[in-house]
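One structure is given here, and the rest of the page talks about it.
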Amino acid sequence: GSGRRLVSLEMDVVGGRYEVDFGRMEAVMEQEGVRVMLLCSPHNPSGRVWSRSELKRILDTCERLDVLVVSDEIWSDWVLPWGGDDDDGSIGDGASRRHIPIGSLGGYAS
């Protein structure tokens, strides 16, 4: 095998909304020696769209800990009617050198 293993991060439900405990995320990454983070926005299965400020915080943490972020950007071109200016769910152009976006022609062309 490749020696890879899955490290999960449980999220908190606050007022019916999934939230990331950033302190716990950083501690788990450090303790478990995480090298790659797989990120989906909207989150699957909750449908939670991460705000730009949350995504920036995730990227900043991963940059500091030298963790590669692989993000599912299949919905990045969609405008979501329930989001505000800060809730587009896409990492976008401000991403670090430690970021690999992935997508699908099916998603982009929908």
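The values are calculated or read from the model by the stated rules, or taken from the named source; none is laboratory data. Predicted model, so just to flag it, every value in this text is computed and none were measured. Methodologically, a virtual Cβ is constructed for each residue, glycine included, from the backbone with ideal geometry; neighbour enumeration extends over all protein chains shown. In case anyone asks, the SASA skips ligands and DNA or RNA and just uses the protein heavy atoms, side chains included. Shrake-Rupley method; radii C 1.70, N 1.55, O 1.52, S 1.80 Å.
Before moving on, here are some points about what is shown:
- Residues satisfying the criterion are present in the stretch 55-70 (criterion: assigned to a loop (DSSP other than H, G, I, E, B), within 16 Å of residue 101 (Cα to Cα) and in contact with a helix residue (DSSP H, G or I) (Cβ under 9 Å, 6 or more places away or on another chain)).
- Each residue in the stretch 35-59 was checked for being open to solvent by 20 Å² or more (accessible area, probe 1.4 Å) and at pLDDT 90 or above, and 5 of them qualify.
- When residues of the stretch 14-24 are limited to those that are at pLDDT 90 or above and surrounded by fewer than 10 Cβ atoms within 10 Å (Cβ to Cβ), the one nearest to residue 60 (Cα to Cα): 23
- Within the stretch 25-34, considering residues that are open to solvent by 40 Å² or more (accessible area, probe 1.4 Å) and in a helix (DSSP H, G or I), the one nearest to residue 4 (Cα to Cα): 32
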